[in-house]
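These notes are about the structure you will find just below.
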Amino acid sequence: MKKYHSSYAKKRTFKSALVEKTVKYFFFLNGMISVLFLLLIILFLFKEAISAISGIGIAEFFKNVQWYPTSDAPRYSIIPLLYGTLLTAIPATIISSFLGIILGVYLSEIASGRTREIIKPFIEIFAGLPTVVIGFLILAVGSTFFQELFNTGTRLNALLAAFGLSIILIPTISSLTEDALRAVPDNLRMASYSLGINKFSTIRNVVIPAAISGVSAGIILGFGRAIGETMIVLMASGNAAELTLNLLHSVRTITATIAGELGEVAYGSPHYYSLFFIGTFLLIITFVINLISELIIARMRKKLKKMN
Amino acid sequence: MNNRFKENIKKKSSSDSIIDKIMINAIRLFSFIVIIIFILILGKIFYEGIGVINWNFLTGIPKSDISKGGIGPAIFGTMAVSLIMLILAVPVGIFSAIYINEFAKDTFWLRLIRASVNSLAGVPSIVIGLFGFGFFVLFVGKSIDSILQTGMFFGQPAIIWASATLAVLVLPTIIVTTTEALNSIPLTFRQASLGLGASKWQTIRYVILPQARPGILTGVILALSRSIGETAPIMFLGSAFFLPNLPLAYLDLSFIQIPIINPADQFMHLAYHIFILSTQSSNPTLTEPFQYGTTLVLVVITLLLNLTAIIFRFRFRKINEVVKRNQ
Amino acid sequence: MKEVKIKIKNLSVYFNYIQALNDVSLEIFENKVTCLIGPSGCGKTSLLRSLNRMNDMIYGFRMNGEILIDDIDIYNKEIDVVNLRRLVGMVFQQSNLFPKSIYDNLIFAPKILGIKDKNELEEITERVCMQTSIWNEVKDRLNESALNLSAGQQQRLCIARALTVNPDILLMDEPSSSLDPVSTSKIEELLFDLKRNYTILIVTHNMQQAARISDYTAYLYLGQLVEYDKTTKIFTNPANKQTEDFLTGRFG
Ligand SMILES: Nc1ncnc2c1ncn2[C@@H]1O[C@H](COP(=O)(O)OP(=O)(O)OP(=O)(O)O)[C@@H](O)[C@H]1O
Ligand SMILES: [Mg+2]
């Protein structure tokens, strides 16, 4: 009797251990799918980019400063595209950092509880607006308005795209700023107030410095988004691959180039590979930017732990 | 008696507190300007778009120059692509999150998976689209064609490849939100279940998952909203300029024909339709009301989805807070 | 000889519907250490924070009654709160140094208040460090992060920082409750020096400490002032039975 019992129990535990192991393995494999696709993206893009380098030559991408992939003497320089990308992304980051940080400060330090409870979800919902909608509105309303305001020659230009980008970056930056400011322990504010320092000086000299890594991580993340965003720049920047530093000129970004040309390119042509080359370039840039902002956030967490 | 207090308290710290007031109010002002701009953006779309919304517009078929007719196929196409995307991404995303939160200790594999999810979330959508085109269409699709001898059937842009690409795009969203949802479930539930002798799998199946359902649903809704709004990756993955027929195939059961989504077909898509209408239209003023109308439909769908997600998350948090407080 | 510094008249404090103080009247004497004692939640902190109007920032705060410092009503409309807080300094239970260097913590307020001259700032630093007898411990590491100091040093630096704006009154809310005995006694010694220049109100849960350091003691219970007298009197011969029970630990 006793013997039967123990062997039965053994059998059971053995079986359930097997089930548990299988279950665990199953979930593990699912988890690895993200790893797999990240690797696939990297490998695939790099493979095609290397084909581009061996076919066209790496030098071609960085000299000549012209992007004319479809002309008889094709030119594949990434430089004007890089100019276009930065000429839209940098002003957008500046504008949206300014307004986004102010909005974050307002939500974290100034707004009353009820106001915040209305505005915050509104901003969050607004942040989910498809970017093509912003692009459309810029074409429909912004461009004419803008042309009259600045009296620009071209209806579509870098600054207009930068404004469009700002609209989607502001929610990102403001919510990251707010999170960072709220993580600052309240007793630091109290310390400042008890010394007879007023609210604005407290925000400027205590709260923001204590949260500076979080705020800058938000800015960097916003910059990364600006570089990677496609629809707004595709619709608003004018798409002329011009080597210019004038914000009121049409420019062409890396993302818009891929979006605009991939549909018409012949598979296996130098033009096809060149698009993968600039895509890989974009992937590397955004990867580095995201890495930097993550490192900053990790450092901030450490620092906040020490403060508490 | 010392007079430090008396002498100093009446001193107006004048300029100092005036500057303070000005700056605080300036912050208020700028914040309100931003909010008002956001409201104006939505208001403009509603104001201009609401006029063309009617049943014919929502269900009708676009006429040749897309200045007449409706956006029925675009709505259908958007739903078809999103549906298949969800089928591909949701199970994998939820299972991944379960692995991350319930199984993995702080091991090499956990860190690798977490890092990959984070990196994947940071890849620009256009790059994912580029990958989807090169990998799914040109590599996977063409391979299938050459194996099955189907000619140029799979190796071209189609719903299935758009869905697969969008699935890769939203996978991190689902994983991150679900992990958060699982993570926020009070530890006591787990302990109670395991303490009763339930196995890990039983605990997950009967305790964790039901508890996390609203949280998981939040992730699914956010993923859906994001995929509906993404335009760049699907531009070269089969979204069509003008396609009066719905991408359907018929399952022939001799006595009845059941329509199913044809995953190998091309499709119309709301977001892409907006892009096309506003950039390629030969007569922009004529089509402008339709542009606003289409935009309004897209905006309402995504806003409602996001709103639902926020409400779900809010309620989910509240429930768990109550449970935690009562412990 | 002894002069009244602070007159609290019929003070009641509410936070929304909670009444934290109920009709408290009390006179605090200049250059003395006055101790507030009482069970947790009886309103000690609320009373302290009424004196530098830190309560103003709490949502739902209301008050009745009057508080006069040097016969000036500090809740008068004319009074600039920010200015008041400079004259009524406060030290908190947990040290709350800024995550900056020791030096930057000390020159933080003077600098914002408009002192630009480097020599002057250094003078202030040295003065407040001397006053709090921490100078020898920090003078060689002024540029180090203040958070690297020991807990006791941090708390004394907080006191030093409060002195940088030249207050007249010092409020201390359980300043040594999280410290070891050695650091605690250092702070107690400090108070003897400081009361020559400042009027000090201190909250403590440590009865021996109250007896050791204070000249006057106020016992609060459920928002009401039960007894207020010279510390020697309160600790040897309390007039009220409740006070006696609390002091002898028979409370509750
Ligand atoms: N910010 C606040 N909001 C609402 N009620 C508060 C707030 N601060 C204090 N109270 C209430 O006021 C009453 C007195 O609190 P107070 O902090 O003054 O007590 P205390 O004597 O300092 O207690 P302890 O010894 O624990 O520090 C308590 O009932 C408390 O709940
Ligand atoms: Mg207290």
Rounded to two decimals, the Rg over Rh value of the stretch A:1-147 from Cα coordinates and the Kirkwood Rh reads 1.27
What do you get for the angle between helix B:14-49 and the principal long axis of chain B? Use alpha-carbon atoms, 0 to 90 degrees, nearest ten. 20 degrees
Comparing A:Ala73, A:Ala111, A:Ala89 in a Gaussian network model of chain A (Cα, 10 Å), the one with the largest mean-square fluctuation is A:Ala73
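On alpha-carbon atoms, Rg over Rh for the stretch C:126-252 using Kirkwood Rh?
Details: Rg = 16.6 Å, Rh = 16.0 Å.
Radius of gyration relative to Kirkwood radius: 1.03.
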7 Å from Cα along Cα→Cβ at both B:Asn8 and B:Asn54: what's the point-to-point distance in nm? 7.6 nm
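Among the DSSP beta bridges whose two residues both lie in the protein assembly as shown, what percent are antiparallel, rounded to the nearest 5?
Working: 32 of 51 bridges.
About 65 percent, rounded to the nearest 5.
Below 15 angstrom from the Cβ of A:Arg75, what's the summed charge of the other residues (Lys, Arg +1; Asp, Glu -1)?
It works out to a net charge of -2.
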Any chance you could list P(r) for chain B, counting all Cα-Cα pairs in 20 angstrom bins from zero, rounded to whole %? 24, 45, 24, 6, 1, 0
Does anything in the stretch C:92-119 have its amide N under 11 Å from the 7 Å Cα→Cβ label point of B:Ile18, and if so which residues? none
Any idea how far apart B:Phe32 and C:Lys2 come out in nm if each label point goes 7 Å out from Cα toward Cβ? 5.3 nm
Tell me the angle of helix C:102-112 to the major Cα principal axis of chain C, expressed in degrees between 0 and 90 and rounded to the nearest ten. 80 degrees
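Which entries in the list A:Lys47/B:Lys105; B:Lys6/C:Lys2; C:Lys5/C:Lys111; B:Lys10/C:Lys100 go over 23 Å, if you measure between the two C-alpha atoms of each? Could you put the intermediate results ahead of the total?
Values: A:Lys47/B:Lys105 34 Å; B:Lys6/C:Lys2 18 Å; C:Lys5/C:Lys111 29 Å; B:Lys10/C:Lys100 32 Å.
Flagged as over cut-off: A:Lys47/B:Lys105; C:Lys5/C:Lys111; B:Lys10/C:Lys100.
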Computed curve, the stretch B:1-130, Cα-only Debye sum without solvent term, log₁₀ I(q)/I(0) at 0.14, 0.20 Å⁻¹, is -0.99, -1.16
Report, as an integer, the average count of C-beta atoms from other chains found within 10 Å of each Cβ along A:248-255. 1
Expressed in nm², what is the orientationally averaged projection area of the convex hull enclosing the Cα positions of the stretch A:216-308? 7.9 nm²
Taking r as the C-beta separation of C:Met130 and C:Tyr17 and R0 as 45 Å, the FRET efficiency to the nearest 0.05 is 0.45
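What number does the protein assembly as shown give for Rg over Rh if you use C-alpha atoms and the Kirkwood radius? Numbers along the way, then the final one.
Working: Rg = 33.9 Å, Rh = 31.8 Å.
Here the Rg-to-Rh quotient is 1.06.
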How well do other chains shield peptide A:15-27, expressed as the mean number of their Cβ atoms within 10 Å of each residue Cβ? 4
Determine, at each q value in 0.12, 0.16 (inverse angstroms), the log₁₀ of I(q)/I(0) that the Debye formula gives when each Cα of the stretch B:112-256 is one equal point scatterer. -0.71, -0.95
Using alpha-carbon coordinates, inclination of helix B:72-98 to the longest axis of chain B, degrees: 60 degrees
Which of B:Leu148, B:Leu305, B:Leu270 moves the most in a Gaussian network model of chain B with Cα springs under 10 Å? B:Leu148
For chain C: span of alpha carbons on each principal axis (Å, largest first): 54, 43, 38
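Using only DSSP helix segments of four residues or longer, with each worth -39500 (n - 2.57), what per-residue ellipticity at 222 nm results for the protein assembly as shown after dividing by its residue count and rounding to 500?
Working: 36 runs with 530 residues, N = 887.
Calculated from helices alone, the mean residue ellipticity at 222 nm is -19500 deg cm²/dmol.
Relative contact order of the stretch B:119-256, please, whole-number percent, based on alpha carbon pairs below 8 angstrom and at least 6 residues apart. Working shown, then result.
Details: 125 pairs, mean separation 46.8, N = 138.
Worked out over the stretch B:119-256, it gives 34 percent.
Among A:Leu36, A:Leu159, which comes first, second and so on when ranked by fewest other beta-carbon atoms within 10 Å?
Numbers: A:Leu36 11, A:Leu159 22.
Taking fewest neighbouring Cβ atoms as first place, the list is A:Leu36, A:Leu159.
Report the FRET efficiency, 1/(1 + (r/R0)^6), for A:Arg301 and C:Gln93, where r is their Cβ-Cβ distance and R0 is 30 Å, rounded to 0.05. Please list the in-between numbers first.
Values: r = 25 Å, r/R0 = 0.84.
That pair, A:Arg301 with C:Gln93, gives E of 0.75.
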Cα extents of the stretch A:63-307 per principal axis, largest first, Å, are 73, 41, 29
Fewest-first sequence of A:Glu178, B:Glu48, C:Glu144 by Cβ atoms within 10 Å of each Cβ: C:Glu144, B:Glu48, A:Glu178
Span per principal axis, largest first, for the Cα atoms of the stretch A:42-102 (Å): 49, 29, 18
Can you tally the net charge around B:Leu42? Count Lys and Arg as +1, Asp and Glu as -1, for every other residue whose Cβ sits under 15 Å from the Cβ of B:Leu42. -1
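May I ask you to derive the FRET efficiency for B:Ser199 and A:Ile212 from their Cβ-Cβ distance with R0 = 41 Å, giving the value to the nearest 0.05?
After rounding to 0.05, the efficiency reads 0.30.
Please give the contour-minus-distance gain from B:Phe139 to B:Thr308: 0.36 nm per residue of separation, less the Cα-Cα distance, rounded to one decimal in nm. Walk me through the intermediate numbers first.
Working: separation 169, 0.36 × 169 = 60.84 nm, distance 3.80 nm.
Full extension from B:Phe139 to B:Thr308 adds 57.0 nm.
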Nitroxide proxy distance, nm - points 7 Å out along Cα→Cβ at B:Arg315 and C:Asp193: 6.3 nm
If the elastic network links every pair of Cα atoms under 10 Å, which of B:Ile260, B:Ile53, B:Ile27 fluctuates the most in the Gaussian network model of chain B? B:Ile27
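Tell me the net charge near C:Pro110. Cut-off is 15 Å between Cβ atoms, C:Pro110 excluded, with +1 for each Lys or Arg and -1 for each Asp or Glu.
Details: positive: C:Arg85, C:Arg86, C:Lys100, C:Lys111, C:Lys116, C:Lys118, C:Arg127, C:Arg161; negative: B:Asp16, C:Asp104, C:Asp117, C:Glu120, C:Glu122, C:Glu123, C:Glu126.
Combined, the nearby Lys, Arg, Asp and Glu give +1.
Using only alpha carbon pairs under 8 Å that are at least six residues apart, calculate the relative contact order of the stretch B:75-325 and give it in whole percent. Walk me through the numbers before you get to the answer.
Working: 318 pairs, mean separation 63.5, N = 251.
Relative contact order for the stretch B:75-325 comes out at 25 percent.
Bear in mind that the values in this text are calculations on the coordinates, not laboratory data. All values reported here derive from a predicted model rather than from experimental measurement. Because the Cβ atoms are built from the backbone with ideal geometry, glycine has one as well, and the counts that use them run over all protein chains shown.
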